[in-house]
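Colleague: The structure under discussion is supplied below as structure tokens; questions concerning it will follow.
The values are calculated or read from the model by the stated rules, or taken from the named source; none is laboratory data. This one's a predicted model, so the numbers in the text were calculated from it and none came from an experiment. FYI the Cβ positions are ideal-geometry reconstructions off the backbone, even for glycines, and counts take in every protein chain you see.
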Amino acid sequence: MDLGLKGRNAVILGGTRGIGRAIADTLAGEGGNVAVCARNADQVASAVAELKARGVKATGASVDITDAAALKSWIGGAASELGGIDMLFSNAGAMAQGGDVASWEQNFRLDVLGAVNAFEAARPFLEASGEKSGDAAFVIISSVSAAQADNASSYGPIKAALVHMAKGLARQYASKKIRVNVVSPGTVYFKGGVWNMIEQNMPKRYQDALTRNPTGRMATPQEIANAAVFLASPASSFTTGSNLLVDGAISNRVNF
């Protein structure tokens, strides 16, 4: 299937490793141009060089996503470099698991306000894309934890807020031809990622997580990226306001 992404421009928050990098690579493989940001400048430079080597436009910068002014400035600059923004991916997450005030604030500032500020900065460009091509997209990476709770951790409620926000944005901006969707992964494994760290330091917890999933494994970043890129593509042009679980059936809720 041709996803219709050749020559389209995407901005990815947290795009140098894990799910974000897989999204960037997948878009580049489809002929899309990409802008990525992350905290680590060396990782950004490496990612941009490798993406350019695939024959597409690529740019990136070290950005503190919790710094609203810096984030908005970078997104505006990325739009100028690429020639517009057709797709925005909010993938960065604080991953704080505690129920203490510091964890709540960390998750809220990065996950929620990062997505809010990114959309605010990208919105004029997405509206222009929607008017020109009839389809622009904002995809948010949430989590299956948005709809399940074993304790009062801040992580799940913050991810739930993203799902709620996406539904409102989808309805609000449908007339502007901007689609807004969510991908909610379950457990995702990659070297250097959270579950790789748990595997090394808490092997029983890691094995318990594997046991809970009927597939007997965790997702790869590529499997999540495939869903995110499809939802952002013109091939998914009538899908908006959705929350797509990509969790290998680790959750037991029914999604009507």
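Colleague: Looking at Ala249, is it among the aliphatic types (A, V, I, L, M) and either under 25 Å from Phe138 (Cβ atoms) or assigned to a helix (DSSP H, G or I) (or both)? Lay out the reasoning, then the answer.
Modeller: Values: among the aliphatic types (A, V, I, L, M): yes; either under 25 Å from Phe138 (Cβ atoms) or assigned to a helix (DSSP H, G or I) (or both): no.
So Ala249 does not fit the description; no.
Colleague: Further question on the same structure: Count, please, the residues in the range 228-256 that happen to be closer than 18 Å to Asp86 by Cβ and under 13 Å from the mean Cα position of the chain (by Cα).
Modeller: So the first thing to find is which residues in the range 228-256 are closer than 18 Å to Asp86 by Cβ, and the list is 228-240.
Restricting the remaining residues to those that are under 13 Å from the mean Cα position of the chain (by Cα) gives 228-232.
Residues flagged as closer than 18 Å to Asp86 by Cβ and under 13 Å from the mean Cα position of the chain (by Cα) within the range 228-256 amount to 5.
Colleague: Taking the range 11-25, which residues are closer than 19 Å to Pro185 by Cβ and buried (at least 23 other Cβ atoms within 10 Å of the Cβ)? Outline the logic, then answer.
Modeller: If we filter the range 11-25 for residues that are closer than 19 Å to Pro185 by Cβ, which is where we start, we get 12-25.
If the condition is that a residue be closer than 19 Å to Pro185 by Cβ and buried (at least 23 other Cβ atoms within 10 Å of the Cβ), then Ile12, Leu13, Gly14, Gly15, Thr16, Gly18, Ile19, Gly20, Arg21, Ala22, Ile23, Ala24 are the ones that fit.
Colleague: Is it the case that the range 214-234 has a residue that's surrounded by fewer than 15 Cβ atoms within 10 Å (Cβ to Cβ) and among the charged types (D, E, K, R)?
Modeller: Yes; the residues of the range 214-234 include at least one that is surrounded by fewer than 15 Cβ atoms within 10 Å (Cβ to Cβ) and among the charged types (D, E, K, R).
Colleague: Would you point out which residue out of Gly77, Gly7 is surrounded by fewer than 24 Cβ atoms within 10 Å (Cβ to Cβ) and either aliphatic (A, V, I, L, M) or in a helix (DSSP H, G or I) (or both)?
Modeller: Numbers: Gly7 fails: either aliphatic (A, V, I, L, M) or in a helix (DSSP H, G or I) (or both).
One residue alone meets the criteria, Gly77.
Colleague: Same structure, new question: Which residue out of Thr59, Thr26 is at negative phi, more than 15 Å from the chain's Cα centre (by Cα) and in contact (Cβ under 8 Å) with a residue 24 or more places away in the chain? So that I can check it myself, show each step before the final result.
Modeller: Working: Thr26 fails: more than 15 Å from the chain's Cα centre (by Cα).
None of the other options fit; the residue is Thr59.
Colleague: Residues in the range 206-228: is at least one in a strand (DSSP E or B) and either touching a strand residue (DSSP E or B) at 6+ places or on another chain (Cβ under 6 Å) or at pLDDT 95 or above (or both)?
Modeller: To start, the set of residues in the range 206-228 that are in a strand (DSSP E or B) comprises 219.
From the residues that got through so far, the ones that are either touching a strand residue (DSSP E or B) at 6+ places or on another chain (Cβ under 6 Å) or at pLDDT 95 or above (or both) too are 219.
Yes, some residue in the range 206-228 is in a strand (DSSP E or B) and either touching a strand residue (DSSP E or B) at 6+ places or on another chain (Cβ under 6 Å) or at pLDDT 95 or above (or both).
Colleague: On to the next question. Which condition breaks for Glu50 when tested against (1) surrounded by fewer than 17 Cβ atoms within 10 Å (Cβ to Cβ); (2) of a type in the set (Asp, Glu); (3) under 16 Å from the mean Cα position of the chain (by Cα)?
Modeller: Of the numbered conditions (1) surrounded by fewer than 17 Cβ atoms within 10 Å (Cβ to Cβ); (2) of a type in the set (Asp, Glu); (3) under 16 Å from the mean Cα position of the chain (by Cα), the odd one out for Glu50 is (3).
Colleague: Also, I was wondering about something else. Could you list, in sequence order, all residues of the range 190-205 that are assigned to a helix (DSSP H, G or I) and more than 25 Å from the chain's Cα centre (by Cα)?
Modeller: Going through the range 190-205, the residues assigned to a helix (DSSP H, G or I) turn out to be 194-201, 203-205.
Result: Gln200, Asn201, Pro203, Lys204, Arg205.
Colleague: State whether the residues of the range 93-110 include one that is closer than 20 Å to Asn9 by Cα and aliphatic (A, V, I, L, M). Walk me through how you get there before you give the answer.
Modeller: Of all residues in the range 93-110, those closer than 20 Å to Asn9 by Cα come to none.
No, because not a single residue in the range 93-110 is closer than 20 Å to Asn9 by Cα and aliphatic (A, V, I, L, M).
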